[in-house]
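Only one structure is covered here, and it is reproduced in the block below.
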């Protein structure tokens, strides 16, 4: 007889961790101290929540699904250090919580990137984030220049945090079983950015433009994006100053060079068509 699949809402990308050995490895990766305050997002059925509650000073768990929020509130009613919050983590005001927080979470696949981007806007309140994502997405966040996975997403997250890989998780550790495997990674937000300050909206506009057509050169993508304000001669001067090969492609540039490029182009283009810093 097949195992019964727990209540879940596909719209929310809900899958539930069921392997206690994976939970233990997540706790090992988090390396929590007794005085740590922890934020969990998407606790669902609570297998990780229960483990976190046993080893933390305070636990805040944000659950979007009213069914599971109520169930967890009942389960932890006598645990005064556990706070179950029914809310959408993509829009929650994390300033309502104490700091610093350690984030330990199995993020829902369909909302993972939006939640992670939201968390990074409150990065000064977070000491580290130990999170589970789809393996392919995690690989993009971790990717280094000159690799096939390196792209705008890599630059966006590596601009804000140092990222390390902890371990991979088989799809069979979940119910219902998803179509892909997962990875647990750690992000440590930089207390101070290791590169010069720049307009982040403009920076990420340049990054997205640079990766718009991966097979084209960086030079070609930039000229196509700013036909009215950027000339070939001016761009050649920027490349010479930054010691960039005229045939370089976006995937060859580390984060620091993207910051330098954005700063150099800011005056030339006047931040033409500037939009807010959006997730690539």
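Numbers below:
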item	result
Strands (runs of 3 or more DSSP E) lying entirely in segment 27-105 (those with 3 or more residues that are under 23 Å from residue 182 (Cβ atoms) and modelled with pLDDT of 95 or more)	37-41, 58-63
Condition broken by residue 175, with the remaining ones in (1) surrounded by 15 or more Cβ atoms within 10 Å (Cβ to Cβ); (2) under 30 Å from residue 100 (Cβ atoms); (3) touching a strand residue (DSSP E or B) at 6+ places or on another chain (Cβ under 6 Å) satisfied	(2)
Only one of 154, 183 that is buried (at least 19 other Cβ atoms within 10 Å of the Cβ) and without any contact (Cβ under 8 Å) to a residue 24 or more places away in the chain	154
So residue 242, is it in contact with a helix residue (DSSP H, G or I) (Cβ under 6 Å, 6 or more places away or on another chain), outside the structural domain of residue 130 (by TED's automatic domain parsing) and more than 29 Å from residue 130 (Cα to Cα)	yes
Test: residue in segment 240-254 that is surrounded by fewer than 17 Cβ atoms within 10 Å (Cβ to Cβ), at positive phi and at pLDDT 90 or above	yes
Qualifying position, being loosely packed, with under 15 Cβ neighbours inside 10 Å, more than 26 Å from residue 35 (Cβ to Cβ) and either without any contact (Cβ under 8 Å) to a residue 40 or more places away in the chain or not assigned by TED's automatic domain parsing to the domain that holds residue 56 (or both), among 205, 214, 140	214
Qualifying residue in segment 54-74 (condition: within 21 Å of the chain's Cα centre (by Cα), surrounded by fewer than 23 Cβ atoms within 10 Å (Cβ to Cβ) and without any contact (Cβ under 8 Å) to a residue 12 or more places away in the chain)	no
Test set (1) without any contact (Cβ under 8 Å) to a residue 12 or more places away in the chain; (2) under 30 Å from residue 213 (Cβ atoms) - residue 96 fails condition number	(2)
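The values are calculated or read from the model by the stated rules, or taken from the named source; none is laboratory data. Predicted, not measured: the structure shown is a model, and the values here were computed from it. Because the Cβ atoms are built from the backbone with ideal geometry, glycine has one as well, and the counts that use them run over all protein chains shown.
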